[in-house]
Amino acid sequence: MMDKVSDYRITTIFSVMKEREAMITAIRGMLRAVGDEELTLGIDPFDVELLVPDHARRKLQGRIGEMVALHTVFYIEGNQMSGRMNPRLVGFLSAIDREFFDVFCSVDGVGVRKALRAMVRPVRDLARTIQDQDVTTLATYPGIGEATAERIVAKLRRKVGKFTLIVGADAVDASAPVESTNGEPDNAEPDVIRDTFTALLSVGHTESQARQVIDVALAGKKKFRTVADLIDAIYRTRATD
């Protein structure tokens, strides 16, 4: 009886959230179990099931019994024609992973489940595959065939630039010498530089690192009309390092 009451209360909460367009953006609890596509967090008095990307699932497998914090999105699974609509939470290890997921799902034919199964590598690796227009490699990701890979590259290759620059083990060496632009450069508008700087901070670069990579890209004579152009140049420069 208690389980039915708890289920009713949770369903009611999710229904109210949907009506008011509210969002659960983060969740923290004891990791109870990890399944094939989901995990369960204990948040007394409830156990909450969340879908997670495959890469995140594998990273969390060894942390059962520990407190885990996840960034989340909420969606309704099912369709009105069948009359069965289930509220679901999707969890991510970082806010930037969650942002990439939203972008990834914007491609026709890439739904929530398919996107989560395809995210078997760190977001940076997947973004770089898209940025490089490597359809052959992208088509090998779970659930992504050649036709879907082509659609993903066509729609996202100009939108994933900042994700390719997520800071990892190979973060920029802030002590490396840089050719400074000394003042306002004439090959990019101030708002393009400002927005690029903000994008780099959002993927984990320090202010010093962001200035460094922007200065390197602006040291040449190429003109950058958009943030995507400048981020692409930064990625290309780092890829040849």
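Coordinate-derived values only; no laboratory data. Since we're looking at a predicted model, the values are computed, not measured. Cβ atoms come from the backbone with ideal geometry, glycine included; neighbour counts cover every protein chain shown.
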Q: Can you tell me how much longer the chain between ASP47 and CYS105 gets when fully stretched, taken as 0.36 nm per residue apart minus their C-alpha distance, in nm with one decimal?
A: 18.2 nm
Q | Sorted peptide list for 196-205, 103-112, criterion being average Cβ within 10 angstrom, highest first | A | 196-205, 103-112
Q: Report ³J(HN,Hα) in whole Hz for each residue of the range 50-62, in order, from the Karplus equation J = 6.51 cos²θ - 1.76 cosθ + 1.60 where θ = phi - 60°; Gly and Pro get x.
A: 10, 6, 9, x, 4, 4, 5, 4, 5, 5, 8, 4, x
(Q) Please list, ordered by chain and number, the residues whose modelled amide H lies under 5 Å from the amide H of ALA26; skip anything fewer than 5 residues away on the same chain. (A) THR72
Q: Sketch the reach of a paramagnetic label on ASP132 as a point 7 Å from Cα along Cα-to-Cβ, and name the residues of the range 185-215 whose backbone nitrogen lies under 12 Å away.
A: none
Q.
Quick check: residue separation of ARG63 and ARG158 times 0.36 nm, minus the Cα distance between them. What number comes out in nm?
A. 30.6 nm
Q: Run the quick spin-label model on GLU207 and MET85: label points 7 Å from Cα toward the beta carbon, then report their separation in nm to one decimal.
A: 4.6 nm
Q) With r defined as the distance between the Cβ atoms of ARG32 and VAL112 and R0 fixed at 22 Å, what FRET efficiency is calculated, to the nearest 0.05? A) 0.50
Q: Taking 7 Å along the Cα-to-C-beta vector as the label spot, tell me the ARG194-ASP125 distance in nanometres, rounded to one decimal.
A: 3.8 nm
